[in-house]
Amino acid sequence: MTFDVAVVAELCADMLFRGDVRPVYGQVEQFVDDYQIELGGSAAIFSSQFTRLGGRVALHGVVGEDLLGRFLSERIAALGISTQYLSTTSLSKTPVGLGLLAQNDRAMLTHKGCLHEITVDSVQRSGILTAARHFHIAGYYLLEELQPHWPTLLAALEARGVTVSLDTNWSPLGDWDSVRAVLPYVDVFLPNEGEALHISGKDDLDEAGRWLAGVTGLTVIKCGAQGAVAFSGEERREFAVPQALLDGQQIVDTTGAGDNFDAGFMFAWLQGAALADCVALGMKCATASLGAIGGIEGQLREDSVR
């Protein structure tokens, strides 16, 4: 196969404003310190970082036939990601995410635009399901049209020997249980702590990790500055963020840090690396991205890994 990883992307244009302010209605104007307009969506950030590490990504997504759609298409190509499986539509606008970054937190508003046009039919027609030896699912809760169909699609991938990784991201509607039917088909599950607790229905991180490891493959729970905890069967391993990655680190924006972790982890995992090495590369990618606005500008590059 030509590609290492295939993804279905919830593409959007990220408009990110950074400043220690809160929106005030009543026509109050305030100043921010910086801004960035960038390719957004968890799958896109993952794909960009995976590509910058030297991997090959097949990406299926839909953008509108509008200014932002052209921007995203050109940005994807400029990042070295194949546009072979990218589609355009005249029926809906390109999705947009508006983020206000303040200190180490962010508020987000999203217009879903043409996300509803990513359907099981569009995925099957695109050919993305036979494009790679591994399939990564990101933004599960935003791709609402696909949710009922994932078990069937993933069972077919499993039958062909294709491995699967999953990072659901946050559920805007709180429908956390919907992903449980997918978990038995997942080889590597990569939630953050909050997502792991919600999906498992547990109140304790260890209980959540053990429950998830009982219904899926390897589960690696991302805990931000506290590192990561991995669960596989009855085994539990805890990983701290190396001090060398923290020294002198200036956190500009946390957008996409988890997606960059996923890309580093899966890049190493697909090469057969040990768990500790997979986590180490994931953490290196995650921390690198913190130094710039958006999830892409600060990404680790292949020559920085060697």
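Remarks
- Available extension along the chain between Q249 and M108 is 48.3 nm, counting 0.36 nm per residue and deducting the alpha carbon span.
- Segment W170-S87, length gained on full extension (0.36 nm per residue, minus Cα span): 27.4 nm
- Reach of K222 by Cα under 21 Å, taken over lysines that are not fewer than 8 positions away in the same chain: K202, K284
- Rounded to the nearest 5, the antiparallel percentage of DSSP beta bridges internal to segment 122-280 is 45%.
- Electrostatic tally near D20: other residues with Cβ closer than 15 Å to its Cβ, Lys and Arg +1, Asp and Glu -1, net -1.
- Calculated on the alpha-carbon coordinates, the convex hull of the chain measures out at 137 cubic angstrom per residue.
- DSSP-defined beta bridges in the chain - what % are antiparallel, rounded to 5: 45 percent
- Convex hull volume of the C-alpha atoms in segment 25-146, normalised per residue: 148 Å³.
- Among E74, E38, a tally of other beta-carbon atoms within 10 Å of each Cβ gives an order, fewest to most, of E74, E38.
- Stretching the chain fully between A159 and Q226 yields a gain of 20.4 nm (0.36 nm per residue, less the alpha carbon separation).
- For S42, net neighbour charge (Lys/Arg +1, Asp/Glu -1) across residues whose Cβ lies under 10 Å away: -4
- Straight-distance crosslink candidates among aspartates and glutamates, where the alpha carbon sits under 14 Å from K112 and sequence neighbours closer than 8 are dropped: E10, D14, E144, E145
- C-alpha center-to-center spacing [segment 214-258, segment 28-75] in angstrom: 24 Å
Each value in this text was obtained by applying a stated rule to the coordinates, not by laboratory testing. As the structure is a computational prediction, the values presented were derived from the model and not from experiment. All Cβ positions, glycine included, derive from the backbone under ideal geometry; neighbour counts span all protein chains shown.
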